[in-house]
Amino acid sequence: MIQPREARQRTKTLARRAQRGSSSAGSKSLAILTRATFILSNPFYTGLFRYSKELHEGKHEPIIVKKIFDKVQEVLKQRGRPRHKSVIEPQVFCGLLHCATCGMMITGEYRVKKQKNGNVHDYIYYHCTKKNKSVKCLEPCIRQEELDKQISSLLQKFSLRLDWAEKLLEMAEVNKEQSAQSVSVFVQESQIKIRAINQKLQRLLDGYLEQDIEREIYREQKTKLLLEKKSLDEKMARIEQKQNDWLEPMKEWIKVATNLVKIARDSNLLEKKVVAKEIFGSNLRLASRAVRGEPVFPYLSALRAAESIGKIPESLIVVPFV
């Protein structure tokens, strides 16, 4: 039977081991630590016990005081936190940039720096993966804060003015109505052609049944008419389906472009990455800790329009669709 004094001594010994992180090798070590954790986190030794996930007061004599038990729990909590070693792991801006020197991807790395006074500082920086063995890449690393600052600055350059956005939406609606009218005219013309083809098919069948047309000629003419009809049917369906395919993507672009300043000023790094990917595609490069890139359409057009302010009349910047 374990005496209270012996139990207290064992508990304190286990607490010291947990704090130092002492352990043996292999599965035996894991089993010992698991058992030790169970013992050290069991409130039974403080005069309490758990039953059905609920804490109850016991009638047995406590082995340790609750103050020591709480201190042990804090040590276990600290020990249970993941150790942030200097390892390369996916960070939010990973997959967004390429190295301007060797063309390889830029990856992120989490670092923890412990000072002699006990202060702990953690930070994230990005650097080239240096996987291109044919190039000696000397591209320096960049802190996430600086990278965020540069990306935010880039995003704001592609912001769309609210008055321009309203004008573009108005022109889009006008273009939508004009497109609908054009499609309607095409559908009506196609339907007239299809009715004429149906009439030809019926006459062709009548001639064949009356034996006025030979079988081979009938088959050949029927195939030709059916293919023509099928082509018209598919073209009609395709045009009706795609007549406004451009409208929703354009509205979404206007929505994002008008919110770029807000997105750039917010602290949501993932949202910045998504928008930057949309603006630049795979064209973002990191060169000497500077982010550079060529935007894709329509953001390239938005940038050129913004750069044209003061150089040409604004009436020539935002023009109707053609």
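The values are calculated or read from the model by the stated rules, or taken from the named source; none is laboratory data. Since the model is a prediction, treat every value here as computed from it, not as a measurement. As a convention, Cβ positions derive from the backbone with ideal geometry for all residues, glycine included, and neighbour counts pool all protein chains shown.
Taking segment 80-110 as the range and being at pLDDT below 85 and surrounded by 15 or more Cβ atoms within 10 Å (Cβ to Cβ) as the test, only Gln91 passes. Would segment 199-217 turn up any residue that is among the small types (Gly, Ala, Ser) and in contact with a helix residue (DSSP H, G or I) (Cβ under 9 Å, 6 or more places away or on another chain)? Scanning segment 199-217 turns up at least one residue that is among the small types (Gly, Ala, Ser) and in contact with a helix residue (DSSP H, G or I) (Cβ under 9 Å, 6 or more places away or on another chain). Looking only at residues of segment 286-295 that are touching a residue at least 60 places away in the same chain (Cβ under 8 Å) and over 14 Å from Asp148 (Cα atoms), we find that the one that is surrounded by the fewest Cβ atoms within 10 Å (Cβ to Cβ) is Ser288.
Residue-level check: of (1) in the same structural domain as Phe93 (by TED's automatic domain parsing); (2) charged (D, E, K, R); (3) surrounded by fewer than 17 Cβ atoms within 10 Å (Cβ to Cβ), Glu139 misses just (3).
Rundown of residues vs (1) part of a helix (DSSP H, G or I); (2) touching a Ser or Thr at 6+ places or on another chain (Cβ under 9 Å); (3) within 30 Å of Leu227 (Cβ to Cβ); (4) among the basic types (Lys, Arg), yes/no style:
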| residue | (1), (2), (3), (4) |
| --- | --- |
| Lys116 | no, no, no, yes |
| Leu138 | no, yes, no, no |
| Ser159 | no, yes, no, no |
| Ser184 | yes, no, yes, no |
| Gln188 | yes, no, yes, no |
| Arg195 | yes, no, yes, yes |
| Ile213 | no, no, yes, no |
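Checked against the criteria, Leu247 counts as surrounded by 13 or more Cβ atoms within 10 Å (Cβ to Cβ) and under 23 Å from Gln178 (Cβ atoms).
Between Val112, Val185, Val135, the distinction of being over 30 Å from Glu220 (Cβ atoms), of a type in the set (Val, Ile, Thr) and under 29 Å from the mean Cα position of the chain (by Cα) belongs to Val112 only. Scanning segment 260-270 for residues that are without any contact (Cβ under 8 Å) to a residue 40 or more places away in the chain and either among the hydroxyl-bearing types (Ser, Thr, Tyr) or surrounded by 16 or more Cβ atoms within 10 Å (Cβ to Cβ) (or both) gives a single hit, Ser267.
Just a yes or no: is a residue in segment 224-241 surrounded by fewer than 16 Cβ atoms within 10 Å (Cβ to Cβ), of a type outside the set (A, V, I, L, M) and within 31 Å of the chain's Cα centre (by Cα)? Yes, segment 224-241 has at least one match.
Each residue in segment 128-159 was checked for being touching a strand residue (DSSP E or B) at 6+ places or on another chain (Cβ under 7 Å) and over 19 Å from Asn268 (Cβ atoms), and 6 pass.
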